[in-house]
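> Got a structure for you, questions after.
The values are calculated or read from the model by the stated rules, or taken from the named source; none is laboratory data. Note that the structure is a prediction, hence the values are computed from the model and not measured. In this analysis, Cβ positions are derived from the backbone assuming ideal geometry, glycine residues included, and neighbour counts consider all displayed protein chains.
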Amino acid sequence: MTEDEVGALTAAWRARWGGRPIAHELRGRHADRWVRFHSLPGSKRYAETEEEYGVVLGRHRSLLAELGADEGLYLIAGYFAGARVGAAPDPRTHPGAVPWLTIEPDERSVFETPLTLCVSMASLERTALDPLLRSVADDELGHVIIGPPDLRWLYHPYDGGGDVIAPTVHDRDVLKSRHAGWLSAHPAGL
């Protein structure tokens, strides 16, 4: 990504979402458009077979396609200094990523070390997205946010599912209706 593209992301984030781009904080700030989908039947958290990985990846791709991921996508992932892959993104799962923002921990943070968010652009193609989504599913990569260039919606995959911040309440409700079997039975939707 170029410096201009990173600048465009920063401007789009500030205009659309404001606040810190911390994936797990999005549902609280945008609860009216938030919905969580589980990636395996029965709310099973981790895939154990290639067939289950197929289900996980298929659900992620399906939700992204229905959100309108037909143009390029921002792939944002967080890396902690000193983590296994260091402060730089793992090129196997986040190719072409460049540093975007570093978030220092504060009283709201669930982390104690600075978090560097790195960003790249990708398409919905399996070869572009599947390595990143599989690393998320295996809890090897976190703090991931996926969104289109105008950031009209956000998708936060995590180990166990994906959170959608839909463009509108209606869009959220349509997704919930289409994929009711992927929703949690938990009263809060978790």
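> If I ask for residues that are at pLDDT below 85 and either of a type outside the set (Asp, Glu) or surrounded by fewer than 16 Cβ atoms within 10 Å (Cβ to Cβ) (or both), which ones from segment 88-103 would you list? Please lay out each step first, then the result.
Looking only at segment 88-103, we keep the residues that are at pLDDT below 85, and these are 88-96.
Correct list: 88, 89, 91, 92, 93, 94, 95, 96.
> Could I ask something else about it? Do we have any residue at all in segment 159-180 that's within 19 Å of residue 54 (Cβ to Cβ), assigned to a strand (DSSP E or B) and at pLDDT 90 or above? Break it down into steps so the answer makes sense when it comes.
In the first step, residues of segment 159-180 are kept if they are within 19 Å of residue 54 (Cβ to Cβ); the result is 159-162, 179.
In the following step, the residues that additionally are assigned to a strand (DSSP E or B) were identified as 161-162.
With the extra rule that they be at pLDDT 90 or above, the set shrinks to 161-162.
Looking for residues that are within 19 Å of residue 54 (Cβ to Cβ), assigned to a strand (DSSP E or B) and at pLDDT 90 or above, one finds at least one in segment 159-180, hence yes.
> Can you tell me how many residues within segment 1-38 are part of a helix (DSSP H, G or I), more than 16 Å from residue 173 (Cα to Cα) and among the hydrophobic types (A, V, I, L, M, F, W, C)? Please lay out each step first, then the result.
From segment 1-38, those part of a helix (DSSP H, G or I) are 3-16, 23-29, 31-33; that's our starting set.
From the residues that got through so far, the ones that are more than 16 Å from residue 173 (Cα to Cα) too are 3-16, 23-26, 28-29.
In the following step, the residues that additionally are among the hydrophobic types (A, V, I, L, M, F, W, C) were identified as 6, 8-9, 11-13, 15, 23, 26.
Adding up the residues that qualify gives 9.
> When residue 184 is evaluated against the numbered criteria (1) in a loop (DSSP other than H, G, I, E, B); (2) small (Gly, Ala, Ser); (3) more than 27 Å from residue 50 (Cβ to Cβ), which criterion, by number, is the only one it fails?
Unmet for residue 184, out of (1) in a loop (DSSP other than H, G, I, E, B); (2) small (Gly, Ala, Ser); (3) more than 27 Å from residue 50 (Cβ to Cβ): (3).
> Let me ask another. Would you confirm, using the coordinates I've provided, whether residue 109 is assigned to a loop (DSSP other than H, G, I, E, B) and farther than 16 Å from residue 72 by Cβ?
For residue 109, the condition - assigned to a loop (DSSP other than H, G, I, E, B) and farther than 16 Å from residue 72 by Cβ - is met.
> Find all pairs meeting these conditions: Cβ atoms under 8 angstrom apart; at least six residues apart or on different chains; first residue within segment 46-68 and part of a loop (DSSP other than H, G, I, E, B); second residue of a type in the set (Lys, Arg).
68/152
> Of the conditions (1) over 17 Å from residue 75 (Cα atoms); (2) out of contact with any helix residue (DSSP H, G or I) (no Cβ under 7 Å at 6 or more places or on another chain), residue 161 fails just one. Which one is it?
(1)
Residues checked against (1) within 23 Å of residue 39 (Cα to Cα); (2) not in a loop (DSSP other than H, G, I, E, B):
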| site | (1), (2) |
| --- | --- |
| 113 | no, no |
| 118 | no, yes |
| 121 | no, yes |
| 128 | yes, yes |
| 133 | yes, yes |
| 144 | yes, yes |
